[in-house]
Structures are given as C-alpha cells and as structure tokens.
1. Give me the distance between the Cα centres of region 281-300 and region 19-68, rounded to whole Å.
2. Note down the nm distance, to one decimal, between modelled labels 7 Å out along Cα→Cβ at Phe201 and at Glu302.
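Coordinate-derived values only; no laboratory data. Keep in mind the model is a prediction, meaning the values are calculated, not measured. Note: ideal-geometry Cβ built from the backbone for every residue, glycine included; neighbour counts use all protein chains shown.
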Amino acid sequence: MTAAVGAGQVVVVRIADERFAVDAALVDEVVDGVHPHPLPGLPAHGRGVLEHRGEWLPAIDPAPLLAIGRTGAEPTAALIVRRGAVRFALAVDAVLSVTERLRAIVGPMAAAPSDAGREDGALLLEDEEGVITMLRPDDLFEGAAPEESGGSRMTDQHASATPIPIVSFRLGADAFGVEVQQVQEVIAFQPPRRVPHAPEFIEGVIDVRGTVVPVVDLRKRLQIPATPPNADTRVLLASLGQERIGLVVDAVMEVTRIPPTDIAEPPSIFRGLAARYLAGLARVGSGLLILLRLDQVLTSEERLALLGIGAEGEGNAPTSSRAGGKRARRREE
C-alpha cells in the first residue's frame, strides 16, 4: 500500500519504541508491507534494496544510526525519501499518522548530541500523547557520502542493446552473477591445501592441471555464512590482473543472457564492501540477480599479496603434482 503526502504536513512514525516526525516535503511516498531484498556486505543500517516503481532503492534502517535498540520484528513500512538525486527507503516500524505540523516545544533533547539525525537543540514536537523528535533523514548520512569504487559499472561497458552473457551461481540463499568473459572455467570443488604464511583471506591452493591456484571462499568474502562443501559446490577460475584465482561458490546455476537495459545501477548510497563489489542488479524471473565485479572482490593490497602464493604453493605441492605440471608444460611446448 502506498500513500501520498502533502506540503505543510509531517509524517509521524515509530522506530523501535520511539516516535519521530519527518517533514512531509522530504517524503515522496509512504509504503506499507515492504520486504527489502538483503545484500551481503552492508553495514548494520543497510537492509538491502527495495524494488519500487521499477527502481531498486537502497533500504536504510535508521535505528542503528540513532543508537536505538530494536527487540521486535523487522520493520515492514518505509518512507520513500529523496537525498539530492538519490531516492532511498527509510525503514520504520510503523507509520502512525500524516498530520498537520504539530506544536513545537523548547527543551533539551533526550538523545545524546552525537546521535545521527538529531542534534542538541533540534526541534521537538508535542501532541496529546507526548513529545515527538523531529528527524532529518539527510543528517543520518552526514559525513558518510557514498564511496567511489573506481572503475566502470557493467552498464557503462555495454552501451549497445546486445544481451550480456552472465554466469549465475548461488551463495547461501542469494543468486549472483558475473560476466562469462570474467570466468575461465568452472571446476568441481577440491579441498584446498593450506600454505604457510599465506594471507588470511586465502583458503589455500589447489592444483589445476599442474598449475597452483590460490583459492578464496567467496561466501566469506561477501560476509555470507559458509556451509560445508557438498556435491553442488564449485570453484570459479578467474583472472585478477596477473594472477589466476579460484572462487568457491555453493552452486553454479546457468548461463543466461541479460539485455543491458534490464540491469539497474547499484544504489550509490551504499558504502564499503557492498559499494565496491556491486556491478548491477537484474530481475530474472521472480528473483533478484546480484551482479558482481570480480576485479573488486579483492583490494589492490590483497591482489599484491597474491603474488608469490602460487610459487610458494608449488613448493608445498606433492611431487606427483609438480611432475605432472612439468609434463603438461612439455606437452604444450
């Protein structure tokens, strides 16, 4: 359910057990019964993305930013708010009313001055039920502008209408995809061998036809709970700069072709890991396909740390593997 709001009004909402009012001039719509699609790698206030009127909006939970503890169910209502050119869904526990601006009162804030979105001396409103704090959504992100992730997005690279081949795979309950050209090969999972002094993000190395390949568990990388490998677990072999790397995924589903016009840009308001690895979002059937940028899965420092892992792994590889690799290289010569 959606509802429009008018000028000169405030939207009174409940966030956990506290009441707040938002200037209606900042609110495009009030939406009820929302269920954002979660994305991995988001901070505590990031609830994922909400598809609204053909657009993927970042869903923001203000409770962690306001230092408010929530013990009940997750919020299912939202205010569609605009911050400059970016629209986002401000998740709230309940929309209580849309009313004419209430009487302002003068008094100290109950919240600490450092709380985001409300500062010492900020406006307090009052109705028959008590005091309401005026919430400024834009201040929730003060000093937290979206990060530039560097590089180009998937839609920037494909200006034509030619469908993009995508390898789709599963990590936990979510579907992800990368461009086919980024993946050299998909192989069955084999337990990686630990390498002494390897960086923490490296699970170990595997032998692929005589070549030692470092392995990264993509589930851990994207902060998704990892489960024990099974018959569906696969390793995507990809190139990151000069290094070949194996990425562990729960299952590879299919290769599909998606028109660039069906790929939405990731919300720019996200920061950190999520801002870096997201290439785009696509609706496939009734589900969301999260498109990744493999070149951003590792930081530049981590990619430098990969140098020499292959050589060190070769030194720890079984003799038969090294000999097999030499025979393979001689055959190639």
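1. One Cα centre to the other: 21 Å.
2. Result: 0.3 nm between the two label points.
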